[in-house]
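**Student:** Before I ask anything, let me first share the structure, which is written out below as structure tokens.
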Amino acid sequence: MPVKKSCGSWRSPITADFLVNSAVSFGEIVVSGQDIWWSETRPDQGGRTAIVRNGSDVVGPEINIRTLVHEYGGGAWWVFGDTLIHTSFDDQRLWSQDLDGIRKPLTPAPEIHRGFRYADGRPTPDGRWYVCVREDHHVDSEPVNELVAVALDGSQEVKTLVSGPDFVSAPRLSPDGTKLVWIQWDHPNLPWDDTELWVGRFQNGEVFDASCVGATGESFFQPEWSSDSVLHVVTDRGGWWNLYRFGDEGFENLTEGEFEIATPQWVFGLSRYAFVGGDIWFAHRDRGVDRLSILKSDRTVQSLDLDVTHISHIKTRDDGVVLIVASWTSEPEILVMTSSEVEVLRPARALDLESSWFPVPEALEFPTSQEEHAYALVYSPRNPHYLPRDDELPPLVVLVHGGPTGCARTSLQLNIAYWTSRGFAVADVDYRGSTGYGRPYRHSLRGLWGIADVDDCVALAEFLVERGDVDGERLAIRGSSAGGFTVLAALVFHDTFDVGASRYGIADLTALATDTHKFEARYLDRLIGRLPEDEMIYRERSPIYHVEKLSTPLLLLQGSEDTIVPATQAHRMAEVLADVKVRHALVEFPDEGHGFRKAANLIRAQEAELAFFGDCFGFIPADRLSPLRIHE
């Protein structure tokens, strides 16, 4: 029989160590012949990304496959035959490696460390060139992003193909190697705003007769050529990210519905559909979760009965696909599928816990400010050994995803089970501006960042209190990066929450706009306004300038090497909190950047949050936690 005990003090096997022990994050998949290659990011190896072929590691433990283009990376590797082509994290050069482990550099050493960075490449069919994105940091102004062709013969020859746009991505060659398609865009847009689709002739490492074939205020995603050289692409010209075919008559809509095939392109190399014979297999987010369907050659759509809620990195293999899937009760695994069979190629890690530990959320649509609505996934406390006391409602943790152009994750999140197994309710918010609900909803945060997102978090907490789900005196909010900004703004400009935790959150919007990297340098033009003319709006919404309004305890978690949200922001916030004598703690990780990757640091951050919330809510965690220095 479950024991009734004070929430927060429940004993749980889902410890901070458990979250990262043998944890793996799967990345891109490449199918070469009958071989299946994929990437794995491993916290217990210092956050290193390894490449795996048919279950065996390809590169040595000293090699980290990661690109820093756009800082967020993605698309760091590809395969041609049995040769791995990849970007090395250490020097950001392109390298090749054969199955015997022999490596050679494909690009020359830059004049400055990591001065040239490469991503999102594909080899030409004849194996002569590797067409990819290059980011050049050998300039005094912002880096230059171009499409280049890198010779694969080891000569280290690099030819510039496309130069001029602020950003380029997804260079894809037709099967015969004669046509090249790519996406490009300029400041202040990001790839989920307004982009252009370009096509040109490709010959001998050069592009000719390039022209824009799509630029009508839309976001293009994953251009691909079918085996008969017909161009396909996902675009949101109809309000939702649907699949189109491009030909002599222009764009033809192939999938029409209120669902999203694309996801926001924070990283390169995303793949949400694949050609299988005359069919197209595609993932689509529908009512908050991912589904898998087949667009048949006769234009009918077959929905596949697959018990998953998250799908990514779909790639063709023979008469089926390879893909990454997960569900509410299982972490990601790699499957090989046909229309009649499913094989687990790379299982999820063995958690050795019954599914009764893993909460299945309620998909909630709730009212918010300005007579609008927003969405959330709401998780109830779940521990087979405990229940809340009769006189107690559970505390609430509101999760704020980053981006802010992003969405709540739709699979088992052990960091959520960490809280629910200790007696917390958790609400993962898809505030206005989140993806998965169409272009108008995605753009509803324009000009309102720091207002609409905050209102949605506040409205959700108050909705759950009013419904009788949670304790209105124990409301916590936590978020990372852009989500950290929402946390800070919620605590400064509202009095709903009782404690907050911000991981590398933004305290000063002007500093972010002037100090951040190129990819997001003009992001706030859309979300806040333009500088310098809108400087007062930036100041009005920056939590750092209004800390005198803050009386809520706050935990700050920060990486010293963060180039996106520099550590100076967390330092300034802590200094001001000390001046106004607000309870707070700052935990800084000298070996982390934007997003924590190393196992020890992930453990420390998770335990710091539990210790801080316990101190503020008055419960004693059952865990043995490292001491946390809290300033009063």
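The values are calculated or read from the model by the stated rules, or taken from the named source; none is laboratory data. Note that this is a predicted model, so its numbers are computed, not measured. Cβ coordinates were reconstructed from backbone atoms using ideal geometry, including for glycine residues, and neighbour counts include every protein chain displayed.
**Student:** What do you reckon, is GLN156 over 27 Å from VAL276 (Cα atoms), modelled with pLDDT of 95 or more and in contact with a Leu (Cβ under 7 Å, 6 or more places away or on another chain)?
**Tutor:** In short, yes.
**Student:** How do the pairs read when you match residues in the range 206-234 that are touching a residue at least 40 places away in the same chain (Cβ under 8 Å) and over 25 Å from VAL267 (Cβ atoms) with residues anywhere that are of a type in the set (Val, Ile, Thr) and assigned to a strand (DSSP E or B), using Cβ under 9 Å and keeping only pairs 6 or more apart or on different chains?
**Tutor:** Short answer, once both residue conditions are applied: ALA210/VAL162; ALA210/VAL199.
**Student:** Among the residues of the range 168-202 satisfying the criterion of being among the aromatic types (Phe, Trp, Tyr), within 30 Å of THR516 (Cβ to Cβ) and touching a Lys or Arg at 6+ places or on another chain (Cβ under 8 Å), which is surrounded by the most Cβ atoms within 10 Å (Cβ to Cβ)?
**Tutor:** Per the stated criteria, the residue is TRP182.
**Student:** Let me ask something additional. Out of the residues in the range 466-511 meeting the condition of being closer than 26 Å to PRO367 by Cβ and among the basic types (Lys, Arg), tell me which one is surrounded by the fewest Cβ atoms within 10 Å (Cβ to Cβ).
**Tutor:** Selected residue: ARG467.
**Student:** Next question. Mind checking which pairs have a first residue in the range 597-611 that is under 13 Å from THR15 (Cβ atoms) and of a type in the set (S, T, N, Q) and a second that is at pLDDT below 90 and in a helix (DSSP H, G or I), Cβ under 7 Å, 6 or more apart or different chains?
**Tutor:** GLN606/LEU19
**Student:** Sort out for me the strands (runs of 3 or more DSSP E) sitting completely within the range 203-270 that have 3 or more residues that are buried (at least 19 other Cβ atoms within 10 Å of the Cβ) and under 26 Å from the mean Cα position of the chain (by Cα).
**Tutor:** In the range 203-270, the matching strands (runs of 3 or more DSSP E) lie at 220-225, 231-235, 242-247.
**Student:** Let me ask something else. Residues of the range 351-384 being farther than 14 Å from TYR418 by Cα, more than 24 Å from the chain's Cα centre (by Cα), at pLDDT 95 or above and part of a loop (DSSP other than H, G, I, E, B), which ones?
**Tutor:** Within the range 351-384, THR368, GLU372 qualify.
**Student:** Has the range 437-459 got any residue that is of a type in the set (S, T, N, Q) and closer than 20 Å to ALA507 by Cα?
**Tutor:** Scanning the range 437-459, I find no residue that is of a type in the set (S, T, N, Q) and closer than 20 Å to ALA507 by Cα, so the answer is no.
**Student:** Collect the residues in the range 588-618 that are part of a loop (DSSP other than H, G, I, E, B), surrounded by fewer than 20 Cβ atoms within 10 Å (Cβ to Cβ) and touching a helix residue (DSSP H, G or I) at 6+ places or on another chain (Cβ under 8 Å), keeping them in residue-number order.
**Tutor:** Answer for the range 588-618, where residues must be part of a loop (DSSP other than H, G, I, E, B), surrounded by fewer than 20 Cβ atoms within 10 Å (Cβ to Cβ) and touching a helix residue (DSSP H, G or I) at 6+ places or on another chain (Cβ under 8 Å): ASP591, LYS598.
**Student:** What number of residues in the range 562-587 are assigned to a loop (DSSP other than H, G, I, E, B), modelled with pLDDT of 90 or more and either surrounded by 15 or more Cβ atoms within 10 Å (Cβ to Cβ) or under 22 Å from the mean Cα position of the chain (by Cα) (or both)?
**Tutor:** 2
**Student:** Need at least 1 residues that are more than 22 Å from the chain's Cα centre (by Cα) per element, so show me which helices (runs of 4 or more DSSP H) inside the range 400-501 make the cut, counting only ones lying wholly within it.
**Tutor:** 414-420, 452-466, 482-493
**Student:** Sticking with this structure for a sec: Residue by residue through the range 111-126, note down the ones that are crowded, with 19+ Cβ neighbours inside 10 Å and within 20 Å of ILE29 (Cβ to Cβ).
**Tutor:** Listed by number, the residues that qualify are TYR118, ALA119, ASP120, GLY121, PRO123.
**Student:** A follow-up question, please. If I go through the range 151-171 residue by residue, how many of them are over 30 Å from the mean Cα position of the chain (by Cα) and more than 21 Å from PHE80 (Cα to Cα)?
**Tutor:** Matching residues across the range 151-171 total 0.
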